[in-house]
Amino acid sequence: MTSGPTHTKMASDIWSVADLLRGDYKRHEYGQVILPFTLLRRLDAVMAPTREAVRARDASLDIQNKERLLEIAAKLPFYNTSEQDFSTIASDSQNVAKNLRDYINGFSPNVRKILARFDLDNEITRLAGAKILYQVVGRFAAMHDLDKLSNHDMGYVFEHLIRKFAEDSNETAGEHFTPREVIKLMVNLLIAPDADTIAGEGQVINILDPACGTGGMLTAAEDHIKSINPKAEIYLFGQELNAESWAVCQSDMLMRNQRGRIHFGNSFSDDGHPDKKFDYMLANPPFGVEWKKVKDTVEAEAELGHAGRFGAGTPRINDGSFLFLLHMISKMEPVEGKGARLGIVFNGSPLFTGAAESGESKIRQWILENDWLEGIVALPDQLFYNTGISTYFWILSNRKAKKLRGKVILLDARDQWEKMRKSFGDKRKQISDDQIKHITELYVDAVGVAADAEHPDHGKVKVFATRDFGYHRITIERPLKLRFEIAEDTLAALESSKALAKWSGREALIAALRGSVGSVWWTKKEATDALHAAAVAGGAQWPGTAALLKGLWGAVSVSDPEGEVQKAKDGTVLPDPDLRDYENVPLDEDIDAYFAREVTPHVPDAWIDYDKTKVGYEIPFTRHFYVYTPPRPLAEIDAELRELETQIQKLLGEVTG
């Protein structure tokens with residue numbers, strides 16, 4: 001998405017304040033000053049038209065609870081009763097810290113709560129100590145266009161600034177902000193199937209983003225719904241862990257006079273909306289971020305089973321992506337009511353990470369068996385500011401259209417991008433409005449496109465049954481075949497065996513067996529008889545416990561395909577751990593038929609250990625869209641090499657004259 005020059009210039013002007021901070025602040029600390037001062041100046045500019053009316057109304061009221069009356073005077077959901085503003089603060093160099101604090105304390109409680117997240121008082125003290133507070137205030141006071149920017153464009157300004165600070169702080173790949181065109185595409189995919197319903201009368205819609213950052217996804221969702229139905233009543237709910245991002249989001253909601261609530265805290269350990277259900281949810285949670293800090297809380301809730309949010313399973317500790325999805329699923333409006341749809345941005349890991357019956361596999365299984373996964377859309381790489389990795393939209397719904405029940409859409413949109421004129425961090429690609437429209441249309445008509453082999457995008461869309469992603473993980477065993485021998489290596493192994501380390505008869509046994517070096521036996525009985533005789537002849541003690549015998553046979557035994565098949569006491573053939581293999585058998589395929597077809601012809605003595613069979617689920621997205629590209633003919637490569645050699649010889653001739 002392209003944007004006008006106004007917010008770009010404003011972000012550049014604001015960023016120039018960093019020149020004043022250089023030397024007294026490190027680069028990663030600039031945001032501690034620039035973000036709260038930008039917010040203060042934005043509020044100051046917006047309040048200017050009604051500033052005097054608020055002061056007059058405040059002076060005329062001699063009551064305790066006058067917040068609502070002052071909001072009416074301000075014609076805004078917030079106000080400031082101080083006699084100060086940025087122009088008066090900037091005009092008094094001797095009292096700038098005192099006047100700035102007075103100004104901050106004059107704000108309505110809802111704004112003071114936001115500013116408290118910035119720890120602004122300590123920053124004022126630090127700036128004053130560095131003797132640059134007056135200059136910083138003056139620079140912001142000189143910015144006269146902050147009230148002219150729409151809330152939408154101001155969101156761009158804050159996102160630009162936060163992205164710059166994130167880059168300077170060396171944030172991890174997951175700590176990124178979502179480009180607006182990516183948000184627009186997600187909102188389109190989420191809302192498009194419901195356009196007719198949304199356009200109806202009396203629509204009251206609740207939307208949640210449990211990792212809302214500065215609120216870009218929430219406001220974009222509202223704007224899109226309003227474009228379909230201007231009369232819809234929309235409530236925006238969110239949660240954010242980063243204090244500065246929460247403050248920016250909360251201030252934006254305040255400016256918009258938005259209904260809903262943005263909670264500050266960790267969505268896993270401090271659910272900000274515990275009893276609330278939502279019609280739409282969307283999120284771009286951080287990728288690959290560990291959840292070790294909230295491990296005890298999450299695991300305690302997981303113990304509650306499906307009475308809690310994490311009953312389906314928990315992912316590995318170093319990636320909490322799936323926890324966000326489980327959290328969102330728990331908040332879906334029940335299908336008995338209106339039902340719900342949700343969209344979430346993941347990297348490739350949740351598609352396949354985790355073996356059969358691991359936490360991740362169980363989560364995928366639970367989602368697919370409940371028929372909630374509607375589709376996955378693969379996006380181009382290099383779309384995000386702080387990471388160039390490939391990403392995927394997961395779209396879930398508990399009220400899937402009839403034609404999609406029991407099915408999952410896979411849509412490959414990795415080629416839907418255009419190169420940006422100028423890169424921003426790792427972001428070198430963008431999705432145009434036409435491409436967003438094209439992807440949305442493909443998704444909505446996915447079943448038809450997948451069924452029509454003549455459709456130009458037929459190869460980009462596939463529709464699978466939910467069970468197609470399930471498999472049985474079977475364990476294939478082969479018999480343990482051994483020969484038995486005494487060699488110098490055998491004696492060395494006996495010498496170093498941990499099982500025999502504390503046995504007093506070890507040295508005598510090794511000495512007794514030394515005379516048998518070079519001996520080989522092809523059955524265990526022959527080996528037992530010969531070794532026992534050698535021990536008796538050498539006056540050595542024979543190992544008398546199972547542990548000692550295990551140590552002896554471990555040194556004497558050698559795996560050999562021509563060796564004797566080893567059996568347990570009950571006659572059961574023992575498996576060879578080194579030859580153990582595994583196969584993933586499609587869930588709806590007969591395991592024995594698969595084994596007879598794929599395994600037995602190659603290893604006739606193999607068998608399946610049915611006790612170890614597990615059920616797993618994975619979504620091998622790239623495998624389904626892989627197109628084999630044959631290598632170039634050798635003659636063509638050879639001709640190209642000869643041509644290069646000719647060019648090199650020519651160049652060398654020019655150099656040597």
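The values are calculated or read from the model by the stated rules, or taken from the named source; none is laboratory data. Here the structure is a predicted model, which is why all the values come from computation and not from measurement. Positions of Cβ are backbone-derived with ideal geometry, glycine not excepted, and every protein chain shown enters the neighbour counts. Heavy atoms of the whole protein, side chains included, go into the accessibility calculation; ligands, DNA and RNA do not. Shrake-Rupley method; radii C 1.70, N 1.55, O 1.52, S 1.80 Å.
Quick notes
- Straight-line cross-link partners of Lys612 among the lysines, defined as a Cα under 28 Å from its Cα and at least 8 positions apart when in the same chain: Lys362, Lys481, Lys550, Lys567, Lys569.
- Highest mean packing comes first when the peptides 606-612, 527-533 are listed by Cβ atoms within 10 Å, giving 527-533, 606-612.
- A cut-off of 5 Å between modelled amide H atoms, ignoring neighbours fewer than 5 places along the same chain, links Gln239 with Asp209, Ala211, Cys212, His263.
- Remark: the range 600-613, residue by residue, has Karplus-estimated 3J(HN,Hα) of 3, x, 9, 9, x, 8, 7, 8, 9, 8, 5, 5, 9, 5 Hz, where x stands for each Gly or Pro and the curve is 6.51 cos²θ - 1.76 cosθ + 1.60 at θ = phi - 60°.
- For a label point 7 Å along the Cα-to-beta-carbon line of Asp560, residues of the range 480-498 with backbone N under 15 Å: 480-490
- Candidate cross-link partners of Lys419 among the lysines, defined by an alpha-carbon separation under 28 Å and a same-chain spacing of 8 or more, comprise Lys9, Lys164, Lys184, Lys427, Lys429, Lys437, Lys460, Lys462.
- The H on the amide N of Ile234, modeled in the peptide plane, is under 5 Å from the matching H of Ile205, each at least 5 residues off or on a different chain.
- Where labels lie 7 Å past Cα in the beta-carbon direction, separation of Leu651 and Ala142 in nm: 5.3 nm
- Integer Hz, Karplus 6.51/-1.76/1.60 couplings in order for the range 231-245, x for Gly and Pro: 8, 5, 8, 10, 10, 9, 10, x, 8, 8, 8, 6, 4, 5, 5
- Local electrostatic count, Val204, Cβ distance below 12 Å [Lys/Arg +1, Asp/Glu -1]: -1
- Efficiency of FRET from Cβ geometry, Lys569 and Ala511, R₀ 35 Å, rounded to 0.05: 0.65
- For the chain, the solvent-accessible area works out to 48 Å² per residue, with a probe of 1.4 Å and every protein chain left in place.
- Mean residue ellipticity, 222 nm, helices only, the chain: the sum of -39500 (n - 2.57) across DSSP H runs of n ≥ 4, divided by residue count and rounded to 500, is -12500 deg cm²/dmol.
- Here the calculated FRET efficiency for Arg261 and Asp592, from their Cβ-Cβ distance with R0 = 45 Å, stands at 0.20, rounded to the nearest 0.05.
- Given the choices [x] 46; [y] 31; [z] 26, percent of Cα pairs over 43 Å apart derived from the coordinates of this structure is entry [x].
- A Cβ-based charge dipole, computed about the Cα centre of the chain with Lys and Arg at +1 and Asp and Glu at -1, lands at about 1560 debye.
- Cβ-based charge dipole, the chain, positive-most Cα from Gly554, Ser390, Ala11: Ala11
- Reducing the range 387-410 and the range 67-82 to their Cα centroids gives an inter-centroid distance of 45 Å.
- Apportionment of accessible area to carbon and sulfur, the chain, percent (1.4 Å): 51 percent
- In the range 210-301, lysine pairs closer than 29 Å at Cα, eight or more apart or cross-chain: 10
- Stretchable slack from Glu636 to Ser227, in nm (0.36 nm times residue separation minus alpha-carbon distance): 141.6 nm
- Local net charge near Gly213, Cβ-Cβ under 9 Å (Lys/Arg +1, Asp/Glu -1): -3
- Close amide H contacts of Glu583 (hydrogens built in the peptide plane, cut-off under 5 Å, sequence separation of 5 or more or a different chain): Ile474, Ile476.
- Theoretical FRET efficiency, 1/(1+(r/R0)^6), r = Cβ-Cβ of Ala199 and Ser91, R0 51 Å, to 0.05: 0.45
- Glu583 paired with Tyr628, simple spin-label distance in nm, labels 7 Å along Cα-to-beta-carbon: 2.1 nm
- Label-point separation, Tyr610 to Ile389 (7 Å along Cα→Cβ), nm: 4.1 nm
- Proximal charge balance of Thr646 [Cβ under 15 Å; K/R count +1, D/E count -1]: -3
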